[in-house]
1. Short version: ³J(HN,Hα) in whole Hz for each residue of segment B:428-437, in order, from phi by Karplus 6.51 cos²θ - 1.76 cosθ + 1.60 (θ = phi - 60°), x for Gly and Pro, what are they?
2. How much FRET efficiency would the formula 1/(1 + (r/R0)^6) give for B:Ala125 and B:Val297, where r is the Cβ-Cβ distance and R0 is 45 Å, rounded to 0.05?
3. Just the Cα atoms of segment A:5-152: what Rg and Dmax do they give in Å?
4. Within the set of other residues whose C-beta is less than 11 Å from the C-beta of B:Ile443, count the net charge using Lys and Arg as +1 and Asp and Glu as -1.
5. Which loop trypsin sites (Lys or Arg not before Pro) in segment A:65-163, with loop taken from DSSP, have no more than 16 other Cβ atoms within 10 angstrom of their Cβ?
6. With a sphere of radius 14 Å drawn around the Cβ of A:Phe76, what net charge do the other residues whose Cβ falls strictly inside it have (Lys, Arg +1; Asp, Glu -1)?
7. From a point 7 Å beyond the Cα of B:Ala34 in the direction of its Cβ, which residues of segment B:418-438 have a backbone N at a distance under 14 Å?
8. Taking the dipole about the Cα centre of segment B:540-677, with the C-beta of Lys and Arg at +1 and of Asp and Glu at -1, give me whichever of B:Tyr553, B:Ala602, B:Phe643 is farthest to the positive side.
Amino acid sequence: MTNPAAAAAETHADEGVREYLAFTLGREEYGIDILRVQEIRGYESVTRIANTPDFIKGVMNLRGTIVPVVDMRLKFRLGEPTYDQFTVVIVLNIGGRVMGMVVDSVSDVTTLTPGQVHVAPEVGTALDNQYLIGLGTLGERMLILVDIDKLMNSTDMGLIEGIAA
Amino acid sequence: MTIDMSQFYQVFFDEADELLAEKERLLLVLDVSAPDPEELNAIFRTAHSIKGGAATFGFTDITDVTHILETLLDRIRKGEMALTGEHVDAFLAAKDVLDMLMAGHRHGSTVDRDAAVAVCQRLQALADGSSGTSPEAVVAPVAPTSAPAADAGPVADADGNFRFRVELPQVPERDVEALATELALLGSVSRETLADQRTAFTLVTSEGRDNIVAICAFVLDPDALKITAANPASAPAEAVGSAAPVEPVPVVAVPAPVASDPAADAAPASGENRNWGRRATDREPFNAESSSIRVGVEKVDQLINLVGELVITQAMIDQRIGALDPIAHERLLNSASQLARNTRDLQEAVMSIRMMPMDYVFSRFPRMVRDLAGKLGKKVEFVTRGAATELDKGLIERIVDPLNHLVRNSVDHGIEMPEKRRAAGKNEAGTLTLSAAHQGGNIVIEVSDDGGGLNREKILAKARQQDIPVSDTMSDAEVWQLVMAPGFSTAEVVTDVSGRGVGMDVVKRNIGAMGGNVEIRSVPGSGTTISISLPLTLAILDGMSVKVGDEVYILPLGYVVESLQPAPVDVKEIAGQGKLVKVREEYLPLIPLYQIFDIEPAFADPSQGILVILESEGKKAALLVDSLVGQQQVVVKNLESNFRKVAGISGATILGDGGVSLILDVSALLRSSRQLSNDPVFF
């Protein structure tokens, strides 16, 4: 199971085996396609941008690139977030656009076979169903698999042009 | 002691190539009717430098051509001869021949000797032609005793021969005979006896003056010898005179100007050599071919980012060691300060890689405009402004084509024919201006002409004809935008220059692809300005950093007029309209930055904070901030590459401590602070 990369690249169809980065938000555990993750780093001070929703923390300097940072805990209203040396930012690279995502913690990289991914039920996670790939089961653990491309490109996140009218 | 000269050849060739290109450029801009003495001098210098270099390396064919060229140019620049179009053409032809000769030496390619000779003859003919008309030129060569004659230098005839007049001092007849025999080896000699019984030879030879002196030196003191260049035209007369040999009679030797002449020549020549020596050591002798390398932009960007990181790391080290005891850690601190210097230099050097002056683009237009204007029978004066404005190389390369279109359009459609201009009471020659300037987070490049302007009625009619929805109440700006619709052209005649209707929409699309926009301003009868505004992806901006609450913002310095702290009485509140501040008898709207950006300020009271007076597009306003932090050059980073556009912010930059600071969009702030704060936000 060491070479799933090629298969995992584009589609979400249940062919082949994929690797997911697992992270927690509140009490739920989420998984995103590992190929969208550029790096994981600690939370550093960001520059606030006026007149943006509170979950857009601002922009940070990632080796010379200005990168927006969103706090998923605020986006999904998972309690009062704290920022300390344990706060983690997952840096995503989606279609050439780089962005940071603050989560509670990052646990591990998990490999899931198509058989382990189930269709998500129509019931409440913090995330809207349209942004979910499905639910991954791994023994006792259950990962909510997020279609991170779709989520980050959505108008909900307010990260891209052409929203707000 | 043999030095391999060939390693320096490359340097000479490179140098000569540049000089030739420069010469061509200068010739093209030269105004034949009223040549600028500075330009003539510059052209002369290029010829002179090439000659010097060629002589050093023994490329005699190049020296021959440049020599005649130089002689002719020298006379023109001294005003002894009037410049004509014929001269310019001949000079251009000579440039081509020199190119060819250079290539011959450089790559061993075949050289058309006939062409070289033809050019020499052509130049010589021009030089001769004027010597009959210009009084000074005639006087100088035929008066061998006058000093200027020596300065004028020998003039080669059509066969490349020089004519010298050699006046001997008092010498025995036996020596005169011997000399005559020796000189005959150099070329044809005719002999005459002067009135004071001395002997003079007229020598037609391809050898230089130095050889004549060398031969005579066997027999007599060269200092007593007088050699002058004889005018070919006057030579026959002398030849007749020499037919009757007369016994030489001793007289006092005439002091010879020859001695001073080589010295005068030597001075510039040694300067030349010094110059060469320096350049030769400056460059990699064996590798002069690769004076530039092409590198992928990504590599450069990566380099820039890495250096940025390095600078931040260095700043961190600086902060850490700042806490150390300076005496105990003296050497560490010294090293650290050296690191700081090196880092700064490195950053500057790396930054400069991507930046190029707009001149790179502008410099290609003068020839184009000249050619176009000539073709269309118009008179156009071409002016550039802000050529030193630096722009990212990537953008510079992409702006060339759109500008090309716009300049062509302006010459073709904008500027009217001379008669029409005269009828309209304008100067016959239209003015086409290309300018570049930083404006806020943008670079604004403008092509403007003082021609007829756009015709509103014609554009509307044409738009209707093409089924583009229009109304008569459209604003001018909207009408002008129609010009940029695909397939739109109002030119009455489709010329081969422009007018096929594929111009403006391509321009607009190209500029749009670069993230910029095109704006047209036009006044009927007085001209059109097309203004391209491009975002700065990597332009460097002079900024003033200001602090509000905990946030630091950058204000482009170009907008900042002054900063001051107002007296409480100068701040007036207008109910529901915000505040005004009185600055030197002028009431300016007050923009509280903390309100716009929803920040908790240190001072909400204007009289406690600092007001920065900003000016943009003729509008002024006072921006209230907590304090001024300082001035610095910042690298403008695009916020939109990973994020979206933010109202009131034109970009971002990275501060020395690695933090991000936002650059304020001053024009937007000034347009309306109220509207800005009411801008729609999400959801």
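1. 4, 8, x, 10, 10, 10, 10, 9, 9, 7
2. On the way: r = 52 Å, r/R0 = 1.16.
Between B:Ala125 and B:Val297 the formula returns 0.30.
3. Considering segment A:5-152 through its Cα atoms, Rg and Dmax are 15.2, 46 Å.
4. Working: positive: none; negative: B:Glu390, B:Asp392, B:Glu446.
In short, -3.
5. On the way: sites: A:Arg73, A:Lys75, A:Arg77, A:Arg97, A:Arg141, A:Lys150; in loops: A:Arg77.
Passing sites in segment A:65-163 are A:Arg77.
6. Details: positive: A:Arg27, A:Arg73, A:Lys75, A:Arg77; negative: A:Glu28, A:Glu29, A:Asp54, A:Asp71, A:Glu80, A:Asp104, A:Asp128, A:Asp156.
With Lys, Arg at +1 and Asp, Glu at -1, the neighbours total -4.
7. Residues passing the 14 Å test: B:428-429.
8. Towards the positive end, the residue furthest out is B:Phe643.
The values are calculated or read from the model by the stated rules, or taken from the named source; none is laboratory data. In this text, all values refer to a predicted model and were calculated from it rather than measured experimentally. Reconstructed Cβ throughout: ideal geometry from the backbone, glycine too, with neighbour counts over all protein chains shown. Accessible surface areas use protein heavy atoms only, side chains included; no ligands, DNA or RNA. Shrake-Rupley method; radii C 1.70, N 1.55, O 1.52, S 1.80 Å.
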